[in-house]
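Notes follow once the structure below has been shown.
The values are calculated or read from the model by the stated rules, or taken from the named source; none is laboratory data. Quick caveat: nothing in here was measured; it's all calculated off a predicted structure. A quick note on method: Cβ atoms are made from the backbone with ideal geometry, for glycine too, and the neighbour counts reach across all protein chains shown. Note: accessible area is taken over every heavy atom of the protein model, side chains too, but ligands, DNA and RNA are not part of it. Shrake-Rupley method; radii C 1.70, N 1.55, O 1.52, S 1.80 Å.
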Amino acid sequence: MSWAAILSALPIFEKAFVVTLRLSAISVTLAAVLGLVLALVREYRVPVLAQASSVFEELFRNTPLLIQLFFLYYGLPSVGVRWSAEACAVIGMSVFGSAYMSGAFTGGFSGIPRVQKESARALGLSPLQMIRHVTLPQGLTRSVPAVAANVIFMVKETSVFTVIAVPELTNTARDLIGMYYRSDEYLLMLVVAYAIILIPLSVLLTLLERRVRRGTFGDD
């Protein structure tokens with residue numbers, strides 16, 4: 001184990017660390033927003049869109065992210081559509097993750113007691129008022145455990161970005177190993193980097209889940 005090799009590679013890994021964090025944050029945010037919209041469309045049975053949402057979820061949950069990234073980065077240029085590697089990574093991960101987020105939110109919405117939905121309709125609440133006062137407050141709370149699991153899953157999946165040459169952690173480690181043949185040092189740095197991201201994130205999400213179970217957010 002060469003500590004000199006590790007120290008010399010630190011600046012490179014720091015840049016890759018920032019890239020991984022940035023792409024993870026953007027992708028998770030977009031996936032959550034899109035997944036929430038898809039779940040609401042299904043919850044309120046919007047004509048055509050509800051069926052399209054179900055097809056979308058099944059398609060992207062059952063298609064490997066690797067294949068989606070290959071299609072975006074290597075396939076679409078053949079018909080004149082070109083994006084940067086990072087743009088393809090964000091689009092691919094956001095769409096892929098939204099299918100899982102949609103399932104998580106749908107599960108949360110389905111846990112809302114039917115009597116509350118019927119009461120809201122009896123009071124004359126419009127669909128938008130129901131979303132604001134009934135569906136979102138309770139559904140999002142019930143979705144926290146599944147959404148948290150999806151967040152961890154998506155962050156780990158950023159390692160797949162290496163196939164389209166995004167300079168994230170896994171790709172950086174692979175390139176350094178290829179140049180300097182120091183597998184032990186760079187793999188150790190890769191493991192530590194992911195641990196620095198995932199362990200605090202996992203702890204924070206676990207604490208959030210516990211607060212939800214205790215009813216901190218007003219779960220009825």
Problem - From the options GLY107, GLY80, GLY75, GLY103, residue that is modelled with pLDDT under 95 and at positive phi - result: GLY80
Exercise for the section: Examine region 137-147 for a residue that is surrounded by fewer than 13 Cβ atoms within 10 Å (Cβ to Cβ) and under 27 Å from LEU204 (Cα atoms), and state whether such a residue exists. Expected result: no
Exercise for the section: Please find, within region 78-121, the residue that is nearest to GLU57 (Cα to Cα) out of those that are among the small types (Gly, Ala, Ser) and open to solvent by 50 Å² or more (accessible area, probe 1.4 Å). Expected result: SER110
Completion exercise
Those residues of region 193-213 which are closer than 22 Å to ALA4 by Cβ and either touching a Lys or Arg at 6+ places or on another chain (Cβ under 7 Å) or open to solvent by less than 70 Å² (accessible area, probe 1.4 Å) (or both) amount to ALA193
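This table checks each residue for (1) over 26 Å from GLY108 (Cα atoms); (2) open to solvent by less than 80 Å² (accessible area, probe 1.4 Å).
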position: ALA4; (1), (2): yes, yes
position: GLU14; (1), (2): yes, no
position: PHE17; (1), (2): yes, yes
position: GLY35; (1), (2): no, yes
position: VAL41; (1), (2): no, yes
position: VAL46; (1), (2): no, yes
position: SER53; (1), (2): no, yes
position: GLU58; (1), (2): no, no
Exercise for the section: Would you please list the contacts, defined by Cβ atoms under 6 Å and residues six or more apart or on different chains, that run from a residue in region 154-174 that is of a type in the set (Ser, Thr, Tyr) to a residue that is outside any helix (DSSP H, G or I)? Expected result: THR158/GLU168
Practice task
Please name all residue pairs, on different chains or six or more residues apart, with Cβ atoms under 9 Å, provided the first residue is in region 38-55 and is without any contact (Cβ under 8 Å) to a residue 12 or more places away in the chain and the second residue is of a type in the set (Gly, Ala, Ser) and assigned to a helix (DSSP H, G or I).
Solution key: VAL46/SER53
